[in-house]
1. Are any of the residues in region 59-81 of a type in the set (D, E, K, R), buried (at least 16 other Cβ atoms within 10 Å of the Cβ), under 19 Å from residue 24 (Cβ atoms) and without any contact (Cβ under 8 Å) to a residue 24 or more places away in the chain?
2. Do we have residue 3 as out of contact with any Gly (no Cβ under 7 Å at 6 or more places or on another chain), part of a loop (DSSP other than H, G, I, E, B), modelled with pLDDT of 90 or more and surrounded by fewer than 12 Cβ atoms within 10 Å (Cβ to Cβ) here?
3. Within the bounds of region 88-105, is there any residue that is of a type in the set (Phe, Trp, Tyr) and surrounded by 12 or more Cβ atoms within 10 Å (Cβ to Cβ)?
4. Can you tell me which residues in region 58-73 are under 16 Å from residue 96 (Cα atoms), hydrophobic (A, V, I, L, M, F, W, C) and part of a helix (DSSP H, G or I)?
Amino acid sequence: MTGPAPNASAMMNQPELPFNSFPPFVRGSDTSLLAAQQIEPSAGTLRRVVLDYLRRTGGATDEQIGDALSMAGNTVRPRRRELELSGLVAKSSERRRTHSGRWAVVWRAA
């Protein structure tokens, strides 16, 4: 059970979850750097939303997180990775199938 996805205004009312680094980007890529600069003001709030979802559901794949929260994969994965680096999210031994039928890691709140 995943519960209803929060709407955009509910997501932006979440307290920010700090991360001690600039959002990740591909060095040498001007578009990646620009994307990191653009997401930086809302990255803390997005991390909080992802973490709260994992706590509420007990775990999910990146794809499930994106589907439930109406977030693109290229928004979900970096926020989940930041949470992982902060020790707030961990890889479980569970795997679930994606829409394409491939296996994916289930992430859980630590």
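The values are calculated or read from the model by the stated rules, or taken from the named source; none is laboratory data. Treat the numbers as computed from the prediction; the structure is a model and nothing was measured. A quick note on method: Cβ atoms are made from the backbone with ideal geometry, for glycine too, and the neighbour counts reach across all protein chains shown.
1. For region 59-81, residues of a type in the set (D, E, K, R), buried (at least 16 other Cβ atoms within 10 Å of the Cβ), under 19 Å from residue 24 (Cβ atoms) and without any contact (Cβ under 8 Å) to a residue 24 or more places away in the chain: present.
2. Numbers: out of contact with any Gly (no Cβ under 7 Å at 6 or more places or on another chain): yes; part of a loop (DSSP other than H, G, I, E, B): yes; modelled with pLDDT of 90 or more: no; surrounded by fewer than 12 Cβ atoms within 10 Å (Cβ to Cβ): yes.
Criteria not met by residue 3.
3. Filtering region 88-105 for residues of a type in the set (Phe, Trp, Tyr) gives 103.
Filter once more, so that each one left must be surrounded by 12 or more Cβ atoms within 10 Å (Cβ to Cβ): none.
Within region 88-105, not a single residue is of a type in the set (Phe, Trp, Tyr) and surrounded by 12 or more Cβ atoms within 10 Å (Cβ to Cβ).
4. Listed by number, the residues that qualify are 65, 68.
Results for (1) of a type in the set (D, E, K, R); (2) assigned to a helix (DSSP H, G or I); (3) under 24 Å from residue 106 (Cβ atoms); (4) modelled with pLDDT under 95, shown as yes or no for each residue.
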| position | (1), (2), (3), (4) |
| --- | --- |
| 25 | no, no, no, yes |
| 39 | no, yes, no, yes |
| 42 | no, yes, no, yes |
| 45 | no, yes, yes, yes |
| 56 | yes, yes, yes, no |
| 75 | no, yes, yes, yes |
| 87 | no, no, yes, yes |
| 92 | no, no, yes, no |
